[in-house]
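Report on the following structure.
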Amino acid sequence: MRDVTEIQPTVTRRALLAGVGLAAAGAAAGSTLISKQAVATSTAKAPDLPRVRQTLVAPPFVPDHEQVATGGPKIIEVEMVIEEKIIQVDNDGAEIWALTFHGSVPGPFIVVHEGDYVELTLKNPASSAMEHNIDFHASTGAMGGGELTIVAPGEQVVLRFKAIKPGVFVYHCAPGGVMVPYHVTHGMNGAIMVLPRDGLKDRDGKRLSYDRLYYVGEQDFYLPKDEDGEYIKYESAGEDYADSIDVMKTLTPSHIVFNGAVGALTGDNALKAKVGETVLIVHAQANRDTRPHLIGGHGDYVWASGSFSDPPETGNETWFIAGGAAGAAMYTFKQPGLYAYVNHNLIEALIKGAAAHFHVEGEWDDDLMTQVSKPEPIK
């Protein structure tokens, strides 16, 4: 394992792990995204609007919300606490010091309506090793809020932005330079949904509604191995920096998983539904392209680009979500049983781990499918 200063000679290991000068670390690598130049940090009075506190929940679940907004715009208050923690990626010894928003990979889902204001309090505990921030792809200006939210360990910041674009969007940590991909590939990303105030609609303007909403965050990890081919264990967050950069440069993930780990959404954790229920699936990938596919079902309505301003595509077998984006698909289940929901690069699904299950209850419809005869010797 190489020392971090071999990669970033102008930044000491202590400074890196303490969260001091991470933007400078990016500059040393020749690529800084966050500018330290003066940014207007107005303390202007908040709009005189009703305030609603949104309680965040762990993925794949989402906060309680209205599909059609009641009344006018509101200020939606959200609090996130950064947590640097070890998570198990697979049962073969693969683990990572994950950098997380609110303790989960992906970070928690936020739901607002077009015209609402998101007021986020972002807290970085003193126990953290690094500084962090947040870039909302749903927002406008200041690097998505990244320039206004850089918090060192022991600090908190409050950001307010107006949600003017309806759709589903990624958010992620972006402290600057090579620290952007480092933080994102260590789990520090999530998604926000900005619903039209009058709800989702098909291409003819007819209202669409859902019975359940699930949130799938696809995550690529780049876990280093030692000379014996074993995953390396690290004592603290950031200690894997140099080794991880080496693996990341290959552009070959060790794992591609849904919701932080192989099997996180299978078995006892399979997503639930019933025949006749309509499910909206929001799928986010902050770094790599992906191709969601529901085996045995379809995307009845698909917003692959994530934009609710555009009419949905219909009847899709597989849809494409670009890296750094979120998309949404709606399906009404018609048959009971087990459905696999996968990234249809099947190598990534079945070897790397990008797969989930839906367990659907209900009565079987022979008209849609039936086994005419059981397997028997060829005649």
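List of remarks:
- Condition check for Tyr171: of a type in the set (Ser, Thr, Tyr), surrounded by fewer than 24 Cβ atoms within 10 Å (Cβ to Cβ) and either in contact with a helix residue (DSSP H, G or I) (Cβ under 9 Å, 6 or more places away or on another chain) or not in a helix (DSSP H, G or I) (or both): no
- Of the listed requirements (1) of a type in the set (A, V, I, L, M); (2) under 21 Å from Ala191 (Cβ atoms); (3) in contact (Cβ under 8 Å) with a residue 40 or more places away in the chain, Ile295 misses just one: (2).
- Any hit, the stretch 196-207, residues being outside any loop (DSSP other than H, G, I, E, B) and within 15 Å of Leu120 (Cβ to Cβ): no
- Of the strands (runs of 3 or more DSSP E) entirely within the stretch 299-379, those holding at least 3 residues that are under 27 Å from His255 (Cα atoms) and not aromatic (Phe, Trp, Tyr) occupy 325-332, 337-343, 355-361.
- Looking only at residues of the stretch 279-317 that are crowded, with 17+ Cβ neighbours inside 10 Å and among the β-branched types (Val, Ile, Thr), we find that the one that is nearest to Val194 (Cα to Cα) is Val282.
- Residue under evaluation Ala270, criteria (1) among the small types (Gly, Ala, Ser); (2) within 17 Å of His293 (Cα to Cα); (3) in contact with a Ser or Thr (Cβ under 8 Å, 6 or more places away or on another chain), criterion not met: (3)
- The strands (runs of 3 or more DSSP E) found wholly in the stretch 239-286 and carrying at least 1 residues that are closer than 25 Å to Pro108 by Cα and within 14 Å of the chain's Cα centre (by Cα) occupy 255-258, 278-285.
- Where a residue in the stretch 61-79 is in a loop (DSSP other than H, G, I, E, B) and its partner, wherever it lies, is small (Gly, Ala, Ser) and surrounded by fewer than 17 Cβ atoms within 10 Å (Cβ to Cβ), with Cβ under 7 Å and at least six apart: Gln67/Gly199; Gln67/Ser209; Val68/Gly199
- Any hit, the stretch 167-177, residues being hydroxyl-bearing (Ser, Thr, Tyr) and more than 30 Å from Phe358 (Cβ to Cβ): no
- Hey, Asp202 closer than 30 Å to Phe358 by Cα, modelled with pLDDT of 95 or more and more than 18 Å from the chain's Cα centre (by Cα) or not: yes
The values are calculated or read from the model by the stated rules, or taken from the named source; none is laboratory data. Note that the structure is a prediction, hence the values are computed from the model and not measured. Using ideal geometry, Cβ is built from the backbone for each residue, glycine included, and neighbour counts are taken over all protein chains shown.
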